[in-house]
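First up is the structure itself, then whatever we jot down about it.
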Amino acid sequence: MTFTEADAKRFHRRARFLFTQWKSPSNANLFHDVDAILLLIGDDDYENPYRKSVTAETWLLGTPMYQTLLLLVPDKATFVCNGKKADILEGLKKGDKQIPLDILRRSKDQEQNVALYIPLIEELAGKRVGIVEKDKFTGKNVEEWKKALQSSGKSFENVDITAALSACFAVKDEEEIKTIRMASRLSVNVMKNYFIDEMSTIVDEERQVTHEKLSEQTEGILDDPKMVKKLRLPVDPDNKDDVDWCYSPIVQSGGEYDLKSSAMSNGSNLHAGVIICSLGIRYKYYCSNIGRTFLIDPNKTQEKNYEFLLELQKKILENIHDGVKIRDVYQHALEYIKNKRPDLEKHLTRSIGFGMGIEFREASYVLHGKNVRELRNGMVLNLSVGFSDLENPKPADKRSKTYSLLLVDTIRVSPEGPATVLTDACSKKLNEVSYFFKADGSETEQQEKKKPAKPAKKETTSKSAVLRSKFRSEDQDEESREHKRKEHQKELFAKKLAEGLAKFAEGEGNGVDDNKPVFKKFESYRSESKLPLVKDQKIFVDKRNETVILPFYGMAVPFHITTLKNASKSDEGDFVMLRLNFITPGQAGGKKEDMPFHDANATFVRALTFRSADTHRMGQIFRDITDLKKEAAKKEAQRKEMADVVEQDNLIVVKGRRPHRLPDVYVRPQLDGKRLPGELEIHQNGIRYQSIKSDNSFNVLFTNVKHLFFQPCDNELLVLIHIHFKNPVMIGKKKTKDIQFYREASDIQFDETGNKRRRHIYGDEDELESEQEERRRRANLNREFKTFAEKIADASDGRVEVDTPFRELGFTGVPFRSNVLLQPTTDCLVHLSDPPFLIVTISEIEIAHLERVQFGLKNFDMVFVFKDLRRPHIQINTIPMSQLDNVKDWLDSVEVAFTEGPVNLNWGMILKTVLADPADFYRNGGWNFLAQDSDAEGAEDMSESASEFEMDESDFEESASDDDESDFASDASDDSMDEEELSDSGDDWDELEEKARKADERKLKRNGEEHIAPANASRKKQKRR
């Protein structure tokens, strides 16, 4: 940045004006007869950009310069700043009619800087120095000034001249007016070309968008290159940074209105009623503001009140002119309301605007009934006229009972009224701000009635799997319940079939092409000149370009490592043979058989064999090729692993208040290093986890959160909050789709030695008291974590809801390698207690199939097939057979179609067949083949099992003597032996051995085939049992 000659002239012109006003006898009381003006500006405060000291410096220089001291005395101006800023300020020493200017350079040595301030302090000693008392800056230069002031032993009188500076800046020159016009035009363009269109679209489409979200979207358009041309924003690189927001746009609706300029958009959804929007843009540090009220399906009373507001604003504009007192303007407006609409007098805002310029709100020029200052030609005002808390005689719903009206415009005071409206390009006529989407309120009422329907799902789930009673008196109830479940499943299967036919009608949407491998073109070298020089026709391995260069008919031919299938080396006497096999079409049985080729009919080199007497070199080449192939395969695997990882947006930190925090929580998966507790914070668009180590932290954005779970510590060792992502993210160096924050609920962290400290705190003398304390502590943990989880859901603006597992509906199973408790929630089936975690979203399930459901087995398996058929299925093994009915009831209650069968199926092949032609699959009945097969096999098994009990005694004895039997057959043989013992209770051991010997002889006489066949038949039958 450099100051041009025009910038220098502006500085000296405005500095002379300030000196003239300062020394004018008429302004002696305003400046309190100060001898000097001191502006000490420290570090930039992003939270409060509107400070009078910064305003004064910006007014003089055209830009703020932080960490700068500006001292004005009647005969000169002195700047104290660092060397870089001093070089810029040297550009002010241009042109004529200059005021004397001294520039002192600060260095990195603090002691030298302190000594730099001593002469200035001595110059001010004993004098009256004008300062801005409210401005309290921090920074190195401020500390140096304070240290110099203390060490000098000198002092001077500080006098607040804030009002005097405001008076000097209030009247704008032509250059300032031109800048504010540009800022006003930008505000109008944002309102007209973006907000009005976006707001009306949201209302028309009945989308659920919060005020805060719409405000963020509006605020983000200044950074969108596509909107620059539409909004007519400055596109010159030197000027694009001069456009900024005065404040975040304010969007309000639904009965909650705050007409102050300091209001903020809340988290409620945009309501189709009275919508108020205020926004303001700064251009080259000069502010503008505009506000409009939009009426959605207004009634006659609302239209009448709005038209009167337009009349009132017009009347106020007529009364604003040069020389009028501010209080008179307000009083005239009040009298006009009393004469025309006395019922609206109490609803008028306490002030109707304020002065505006570099500062958004100049406190000395607030337009209310007690301000006696006069308005001058060239002043710029923010005129804000509104009525608050008006009652709606015909509300469409609860949020429409009260409403407010507001009109905000940026105006310029003229010599003779009325004032000039700089934001008049955005129309505020009634027909321009009224929108009619409904003929009456019937649709709104229907929507209100439909809203409470969502929690019914949770209630149904919680009541579904009640433990069954085994009393005979309830057999009829059980049969009727089973019948209802079967009828419901038939409806679900019919619905699934209809959805599948509609989805894959005429071969559309089968998704096969989306999953089809894509031909990849690998380029080893861009041109022949890039090819390395290979002498003597040798094999060369270029690791940098992942290429093997082979001698081919006297030429060096490069082959990318991805074209190589494998390499082999064999020794033949004094020679070594190196064979290179390449990937070509038509290779059966390999993993690469489905790899696409640019032209499958082209001529391919399938293999090359090289023979050499240099065994050492050929061995090294073989190792290099093998290592290069492994490295390429590793890179490809890493690329596929990271393909679905998303890069999160930046976290928007909460400003103006302390974020909600949950302290002393651990995280899983664990971050790098030791297991240390951290702190969880809720911000505007996500949450942040900060470990004790400052470098171990990460952010979770609400836009990527799919499920939020809270699991209490009842019957668990941990109380936890679990987040399941839509897309995997990188936490540290790990890819994960789940993150969990927990705290241990066990008592191991407390002293169990029974010393005085623990007895005093927990009362170890009484075991009952200790148990009560344990229950209280667990209840407090549950309350703390549940409250924090609800705060996360509230901060997400409806994107996320807290889900809690129902332990009473849980059942055990093996989803991975260990037997765990699986617990249903409102929307999922989860296991959260130990990694690896399991989260199955119910709405994504296409069908559930229960395997190994047959008489005599103790366990069964369950398979989930998803609506996205390309997604791998999930299988849960070893579920106790005692939980079969509970699982069926739960699946039926959450609208999941399920089937059952006696054997395990090859789901990989089944899904591959379905994906080959989904439309044909659903035309042939879809998943009904599972239900038909299971019914037929079940009937066959029942007939065979019924015939098993008709075996003769000899077959029964043979089956009992067979050693290679199933578990169930072993139980049957044990029963038969018990019967023999009962029938032959009088035989001794010798007689029993003799009978066994005779039986063995009879078997040996038989033919081998005749002996084996019955045994196998017996074994098969007993296995069926």
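The values are calculated or read from the model by the stated rules, or taken from the named source; none is laboratory data. Please read all numbers here as calculations on a predicted model, not as lab measurements. So basically every Cβ, Gly included, is an ideal-geometry build from the backbone, and we count neighbours across all protein chains shown. These area figures cover heavy atoms from the full protein model, side chains too; ligands, DNA and RNA do not enter into them. Shrake-Rupley method; radii C 1.70, N 1.55, O 1.52, S 1.80 Å.
Summary of values
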| read-out | value |
| --- | --- |
| Accessible-area order (highest first, 1.4 angstrom probe) of the listed residues 51, 327 | 327, 51 |
| Furthest towards positive pole of dipole, 302, 372, 352, structure part the range 290-376, Cβ charges | 372 |
| Student exercise, the range 663-749 dipole from Lys, Arg, Asp, Glu Cβ charges, in Debye to nearest 20 | 560 debye |
| Options 869, 883, 903, ranked by Cα towards positive dipole end of the range 835-938, top entry (Cβ charges) | 869 |
| Theoretical FRET efficiency, 1/(1+(r/R0)^6), r = Cβ-Cβ of residue 674 and residue 995, R0 51 Å, to 0.05 | 0.10 |
| Zone residues, the range 285-299, relative to residue 434, backbone N less than 16 Å from point 7 Å out along Cα-to-Cβ | 293-299 |
| Amide H within-cut-off set for residue 577, under 5 Å, with H built and near neighbours excluded | 570, 571, 572 |
| Protection proxy ranking of 652-659, 612-619, 406-413 - average other beta-carbon atoms within 10 Å, highest first | 406-413, 612-619, 652-659 |
| Residue among 277, 245, 330 farthest towards the positive dipole end of the range 179-331, charges placed on Cβ | 330 |
| By average C-beta atoms within 10 angstrom, highest first, the peptides 209-222, 102-115, 8-21 | 209-222, 8-21, 102-115 |
| Spin-label model distance (nm) - residue 814 vs residue 401, 7 Å beyond Cα toward Cβ | 6.1 nm |
| Pairwise label distance in nanometres, residue 88 with residue 6, each label 7 Å out on the Cα-Cβ vector | 1.8 nm |
| Burial ranking of peptide ranges 169-182, 900-913 (average Cβ count within 10 Å, highest at the top) | 169-182, 900-913 |
| At R0 = 41 Å, FRET efficiency that the Cβ-Cβ distance of residue 499 and residue 794 yields, to 0.05 | 0.75 |
| Ranking by accessible area, most exposed first, for 288, 265 with a 1.4 Å probe | 265, 288 |
| Pairwise FRET efficiency - residue 363 versus residue 340, Cβ, R0 = 30 Å, nearest 0.05 | 0.45 |
| Heavy atoms of residue 713 accessible to a 1.4 Å probe, total area in Å² rounded to 10 | 0 Å² |
| Accessible area of residue 730 in the full protein assembly, 1.4 Å probe (Å², nearest 10) | 80 Å² |
| The range 311-378: proportion of alpha-carbon pairs further apart than 20 angstrom, % | 27 percent |
| Extension gain (nm, one decimal) between residue 841 and residue 304, 0.36 nm per residue minus Cα-Cα | 188.1 nm |
| Spin-label proximity, residue 322 to the range 334-368 - amide N less than 20 Å from point 7 Å beyond Cα toward beta carbon | 355-356 |
| Linear extension gain, residue 637 paired with residue 917, 0.36 nm per residue minus alpha-carbon span | 97.9 nm |
| Amide H contacts of residue 130 (H built 1.01 Å from N, under 5 Å, at least 5 apart or other chain) | 35, 36, 37, 38, 159 |
| Of 543/630; 530/569; 304/428; 192/428, those spanning more than 18 Å from alpha-carbon to alpha-carbon | 530/569 |
| Cα pair distances exceeding 19 angstrom across the range 807-876, given as percent | 36 percent |
| Area accessible to solvent at residue 831, 1.4 Å probe radius, in Å² | 10 Å² |
| Spacing of the two label points (7 Å from each Cα toward its C-beta) at residue 484 and residue 555, in nm | 7.9 nm |
| Net length gained if the chain between residue 107 and residue 26 were fully extended (0.36 nm per residue, minus Cα distance) | 25.0 nm |
| Total charge dipole magnitude, the range 105-198, about the Cα centre, Cβ charges on Lys, Arg, Asp, Glu only, Debye to nearest 20 | 100 debye |
